[in-house]
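Novice: Pasting in a structure now, in structure tokens, and then I'll have a few things to ask.
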Amino acid sequence: MGMSEVSRPADDPGTRPSTVSEALDALDLGHFHALHLLRQMVAWMIFSMAQESTSYMFPGLEHSFDADDTEIAWFAASFHLGCVIGALLAAVLLDTLGRRPTVLLGAPAAALLSFSACYSASIWQLVIFRTLQAIAWQVTIMGMQTWYIEFLPTRHRGSLQAVFCLGWPIGRGVVILSSSYFGQDWKSFMFLSSASFLVLAAYMGCSMESPRYLVANGRSAEANHVLSTMYKMNGQAWDSDSDLRLDGASLQSGESLVGLLLTSYRLRFFFSLIVFGILSITTVLIDTWGPSAFQQFLFPGSAELPHMVLLLFNMGDFTGVTLAIFLNDRLGRRGTFSLGFFVQGSFYLAMLATSVFPGGSNTTLAVTFGTLASVCRCFAWEAASMWTLEAFPTRLRGKVLGIAQCWMRLLSVVSLQASANVLDSKHPYLAIKTFGFLLISGGAIVTATLPNDTAGVPLSEGPGDDAHGKAASGA
């Protein structure tokens with residue numbers, strides 16, 4: 001995948017890396033990065049299967065518990081309600097326990113709760129278990145997000161973050177195919193989720209802690225051991241006596257983190273809240289109500305989900321993630337936000353406009369536009385996650401991600417409850433129109449308020465919006 005252009009360790013002390021970023025940048029892409037990427041891709045498949053199964057469990061819940069629209073809406077919202085609590089919990093655990101221990105706490109808990117949910121005697125008992133499962137899910141996914149990025153070199157960071165996202169449409173594809181086999185057996189989805197989280201816990205038990213986190217917490221000897229292992233895996237030498245520090249003017253332990261969020265980092269902090277809030281009322285609504293709305297728009301009166309069409313949409317998403325590998329750093333975060341919001345929203349409106357055509361041609365065109373919209377699906381979400389992880393220093397990274405995710409999930413609960421009787425299968429035209437206009441409006445707000453572009457810029461470690469913004473614009 002190419003050689004790093006940054007200097008690497010040598011016998012001359014003057015060429016040795018003095019910061020974590022320099023050490024990570026001096027390591028050529030190799031065996032370690034391939035294994036690191038594979039772990040994260042599998043994890044994304046697991047997270048996808050747990051979340052994306054929500055709408056595919058609705059028929060089974062109606063059959064098993066005679067659940068009405070209100071109960072189904074509560075079940076859909078319960079996952080996001082759990083994620084609100086999980087995000088707050090993860091914001092504390094990530095900097096208290098560390099990145100890897102947080103995952104090793106959350107993954108087994110998610111497995112146990114998924115298994116226990118299968119024995120729910122009522123829909124409300126299932127809602128409780130689903131909420132608890134989501135708490136563990138959110139803790140685990142935030143641990144994995146923060147853990148993964150802190151091993152990456154600056155030059156290939158955007159591509160390496162995009163590649164693992166291929167796991168999400170793969171996981172959704174497993175859910176779609178499974179739903180055609182499971183039918184109304186909702187318990188099988190929970191069993192599948194339980195088994196997959198055990199796999200995640202098992203292989204993360206063999207992983208290493210983030211070197212950035214270790215250095216930030218004064219554990220330089222452990223960080224040197226991690227870097228030595230990474231270099232050895234890639235066939236390079238590492239000076240185990242290196243005295244590493246974080247990049248730039250790193251935050252001091254006595255500084256108030258809350259004060260920094262409201263002063264030096266206020267523009268970035270509020271932008272994270274804005275972009276994740278917009279995602280909560282766009283992507284979340286599409287993921288939850290989209291399958292049933294697409295079913296009734298494309299095949300009015302059908303009682304079966306159009307699995308082949310949904311698989312085609314999923315292939316569009318897979319294609320989009322693949323394109324993101326090459327486009328994320330070329331377009332920058334602003335460009336990927338534009339693709340994810342403006343272009344995706346336009347395709348949904350074009351899909352709706354096909355209803356004016358006669359016969360079967362409108363269905364073919366609608367499916368085509370729906371697939372193209374799915375190609376753009378990943379870009380806004382990836383840009384939001386990447387930007388938030390890139391724009392804040394190590395001691396704030398987990399906290400800001402937790403607060404932003406908590407805000408997103410809280411708004412998701414509200415928006416799902418408010419839209420339950422408006423954007424479901426009974427109103428497919430209104431649902432798709434809403435998807436399109438919300439995406440375009442959200443894109444206008446996000447691109448207008450983006451403080452700086454973090455693509456290709458070393459991970460920030462010191463305060464100051466202006467300094468980081470200048471570095472980004474000059475990259």
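Novice: Taking R0 as 30 Å, what's the FRET efficiency between LEU323 and ALA195 from their Cβ-Cβ distance, rounded to 0.05?
Specialist: 0.40
Novice: Taking a ≥ b ≥ c as the square roots of the Cα gyration tensor eigenvalues, with a/c under 1.5 meaning rounded and otherwise prolate when a/b beats b/c, else oblate, which class fits segment 320-420?
Specialist: It is oblate, given that a/c is not under 1.5 and a/b is not larger than b/c.
Novice: Okay, moving on. Counting other beta carbons within 10 Å of each Cβ, put HIS156, HIS63 in order, fewest first.
Specialist: HIS63, HIS156
Novice: How much mean residue ellipticity at 222 nm does the chain get from its helices, if each DSSP H run of length 4 or more adds -39500 (n - 2.57) and you divide by all residues, to the nearest 500 deg cm²/dmol?
Specialist: Dividing the helical sum by the residues of the chain leaves -24000 deg cm²/dmol.
Novice: Would you mind checking which residues have amide H under 5 Å from THR19's amide H? H placed 1.01 Å from N; only 5 or more apart, or other chain.
Specialist: Residues meeting the amide H criterion: ARG245.
Novice: Taking Rh as the Kirkwood radius computed over C-alpha pairs, what is the Stokes-Einstein D of the chain at 37 °C in a medium of viscosity 0.692 mPa s, expressed in µm² per second?
Specialist: 144
Novice: Sticking with this structure for a sec: Which is farthest toward the positive dipole end of the chain among THR154, ASN224, VAL400, measuring Cα position about the Cα centre, with Cβ charges +1 (Lys, Arg) and -1 (Asp, Glu)?
Specialist: It is VAL400.
Novice: Please give the contour-minus-distance gain from LEU177 to LYS433: 0.36 nm per residue of separation, less the Cα-Cα distance, rounded to one decimal in nm.
Specialist: 89.4 nm
Novice: Of GLY82, TYR181, VAL375, which is farthest towards the positive pole of the chain's charge dipole, taken about the Cα centre with +1 and -1 on the beta-carbons of Lys, Arg and Asp, Glu respectively?
Specialist: Sorting the options by dipole projection puts first VAL375.
Novice: Nearest 10 degrees is fine. How inclined is helix 220-233 to the longest principal axis of the chain, computing both from alpha carbons?
Specialist: In the chain, helix 220-233 runs at an angle near 70 degrees to the longest axis.
Novice: With axes computed from alpha carbons, what is the tilt in degrees of helix 69-96 against the longest principal axis of the chain, rounded to the nearest 10 within 0 to 90?
Specialist: The two axes meet at around 0 degrees.
Novice: What's the magnitude of the charge dipole for segment 122-238 around its Cα centre, counting Lys and Arg as +1 and Asp and Glu as -1 at the beta-carbon? Answer in Debye, nearest 20.
Specialist: Approximately 180 debye in magnitude.
Novice: Mind putting a number on the dipole of segment 17-474 about its Cα centre? Charges go on the C-beta only, +1 for Lys and Arg and -1 for Asp and Glu, and I need it in Debye to the nearest 20.
Specialist: 280
Novice: Now, a different point. Could you state the number of Å between the C-alpha centres of segment 266-322 and segment 168-244?
Specialist: Going from one Cα centre to the other spans 26 Å.
Novice: May I ask for the angle, rounded to the nearest 10°, between helix 465-474 and the longest principal axis of the chain, with both axes built from Cα atoms and the value confined to 0 to 90°?
Specialist: So the helix axis and the longest Cα principal axis differ by about 90 degrees.
Every number in this text was worked out from the coordinates using simple rules, so none of it is lab data. For clarity, every value in this text was computed on a predicted model and none was experimentally measured. Counting neighbours? That spans all protein chains shown, and the Cβs are built from the backbone with ideal geometry, glycine included.
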